[in-house]
Every structure is written in structure tokens, then in C-alpha cells.
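K.L.:
What follows is a single structure, and I will ask about it in a moment.
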Amino acid sequence: MDLAREFRRFKRWTKVWGIKHTCPFCHRPLSRFIPAGLDVPVLYDKQVVGGGLRESARCYICGSMDRERLVFLYLKHHSNMFKQHNKVLHIAPEPVLMNCFRQCKNLFYLTADLKSPRADVKLDLTALPFQDDTFDFVIVNHVFEHIPDDNLAMTEVLRVLKKHTGKAILQVPISLNLERTFEDSKVTTDEGRLEVFGQEDHVRIYGQDYKQKLESAGFSVDVFDWNIDDKHFSNNNKYGLIKEEKLFVGSKINSMKLG
Ligand SMILES: [Zn+2]
């Protein structure tokens, strides 16, 4: 045990201890999660779920983010991720989720990213160096909004996912009031992308057609709403999740591209 780290965590905990919330990663009972996210006008204007400044985004103790907690709780309660041997590919791995997976003895766990030094493998999501039907789980949590050819990236994720049993977690920030995904190829600077898409390295804002985009790439898509699972998620939002955030889970079942 890292005693210095535990002491720092304990000191932080004295500021947010309580009974209303719990972090599913560090298991501390908390009075609140703390704010995080970018305070950019377009993200409010477009009502982007999963982007922008959120009041209850980060765990003050371990640093887990709302979107990591949702993915973890879904995998824990609605998949066999932690119950059997699985091959997992995690793209652009979030630190807390990654550390959690790394401790799971049942997982063959590989992290990958175009640039991040903390990933096991450097790769381009539009040209994955893996054979077809390799992974039981592929986790792509807030990545497609960075990639110009997102359809190609989606088809690559589908290709390496195991037929029938594989599950891909396919999260992106989504606008509640844009019917169709918004892109503009004339926006080419960091400042422009920040203003128009809400982040310097985003190339679009997804709209309500996101599920259709995944289906066009060949996925069968389940849209999971954590609000309907009171048993594991709690409607008083014990785990500090985004009320409107749905989980997009893709599989290779009815795909025309099964090969
Ligand atoms: Zn925590």
C-alpha cells in the first residue's frame, strides 16, 4: 500500500465525506462529487450530454469521472466482463478505469492510443493492427468525436470485435437538440474548433442520429438508460452520473459485414 497516497486521499476525504454518494472505484462515502469539464458556450447552446462543465463530474478522492463510473457500473452489472476470461481493448484509456481493469486477473487487457504515452500500443483507430473477431470487449469512450473519418474508425472497431458475443462501449458527447450530427470542414484551427465544437481537438458535435451512424457502420446497437435500473444504479444518483447520459453498446450480430 502506498501510505503517502492513502494519507493524501484521507485528507481530501475530510472535505467531502458524507452519506449521499459513493464512488464505485474508491468506495468512499461522499457528500458530493466535484465540478469538472469545459465551460464553453456552444456546449450549453447545443445541450451536449457528456461535455461541458458538470457539477458532479469528478471524485475528489480518486479522480474518477462521471463517464468512467457509468461504463464501469454497466460492465459490472450488465456484462460478463468481470466474470470470465476476456480479451479487452481500451482505446484512449481513462486513468481510473484503466487502473481498475489492470488489476483484474481474468482480463487480457490492452490499452491503445494515437499519442498517449500511458497506452500499451500506439495505433490509429482507422487502421487497427488486429485480426478480425479478436476482442470480447472494445471500449471507445469519447474518442470518435476526435476522428475525421469516424465511420472508418467505427468499422474497424466492429471488425476486431468478436462475432455475436463481443461488446463495444461506444460513448461520445451528444447534443440533445441537434437532430443531425454537425460538422464543418471549414473549421480548421484550435480556436475555431473550441468555439464551434466545444473542444480544440473535436471535429464534430454528434446529434440524435448517432445510433444510426453506428448502425450504418454495421453495429447492432443497444441503448442503455441507467435510470431504469434502480437496483444497481439508484435513482437518487448515488454514483454521480449524468442523468441524460445513455450508454451505446455495439455488437456484431445482424451485421451485413460479418464476413
Ligand atoms: Zn473515487
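K.L.:
Filtering the stretch 167-222 down to residues that are without any contact (Cβ under 8 Å) to a residue 40 or more places away in the chain, part of a helix (DSSP H, G or I) and not charged (D, E, K, R), which residue is farthest from residue 77 (Cα to Cα)?
P.N.:
Per the stated criteria, the residue is 192.
K.L.:
Can you report the number of residues in the stretch 19-43 which are within 15 Å of the ligand (Cβ to nearest atom) and in contact with a Gly (Cβ under 8 Å, 6 or more places away or on another chain)?
P.N.:
Looking only at that region, the number is 7.
K.L.:
Restrict the check to the stretch 147-156 and report whether at least one residue is at negative phi and touching a Gly at 6+ places or on another chain (Cβ under 7 Å).
P.N.:
Of the residues in the stretch 147-156, the ones at negative phi are 147-156.
Narrowing the set further to residues that are touching a Gly at 6+ places or on another chain (Cβ under 7 Å) leaves 155.
Within the stretch 147-156 (the criterion being at negative phi and touching a Gly at 6+ places or on another chain (Cβ under 7 Å)), the answer is yes, since at least one residue qualifies.
K.L.:
May I pose another question? Evaluate the following for residue 250: is it crowded, with 19+ Cβ neighbours inside 10 Å, of a type in the set (Gly, Ala, Ser) and within 19 Å of residue 56 (Cβ to Cβ)? Don't jump to the end; show me each part of the working.
P.N.:
On the way: crowded, with 19+ Cβ neighbours inside 10 Å: yes; of a type in the set (Gly, Ala, Ser): yes; within 19 Å of residue 56 (Cβ to Cβ): no.
No: the conditions fail for residue 250.
K.L.:
Could you give every pair whose Cβ atoms fall below 6 Å, whose first residue belongs to the stretch 84-108 and is farther than 17 Å from residue 23 by Cα and at pLDDT 95 or above, and whose second residue is surrounded by fewer than 17 Cβ atoms within 10 Å (Cβ to Cβ) and of a type in the set (A, V, I, L, M, F, W, C), counting only separations of at least 6 or pairs across chains?
P.N.:
87/108
K.L.:
Something else: Outside any loop (DSSP other than H, G, I, E, B), away from the ligand (no atom under 16 Å from the Cβ) and either touching a residue at least 60 places away in the same chain (Cβ under 8 Å) or buried (at least 19 other Cβ atoms within 10 Å of the Cβ) (or both) - does that describe any residue in the stretch 44-62? I'd like the intermediate steps shown before the answer.
P.N.:
Residues of the stretch 44-62 that are outside any loop (DSSP other than H, G, I, E, B), as a first pass: 44-45, 48-49, 54-58.
If we keep only those that are away from the ligand (no atom under 16 Å from the Cβ) as well, we get 44-45, 48-49, 55.
Add one more test, that the residue is either touching a residue at least 60 places away in the same chain (Cβ under 8 Å) or buried (at least 19 other Cβ atoms within 10 Å of the Cβ) (or both), and what stays is 48-49.
Yes, the conditions are met somewhere in the stretch 44-62.
The values are calculated or read from the model by the stated rules, or taken from the named source; none is laboratory data. Only a predicted model underlies this, so the values are computations on that prediction, with no experimental measurement involved. All Cβ positions, glycine included, derive from the backbone under ideal geometry; neighbour counts span all protein chains shown.
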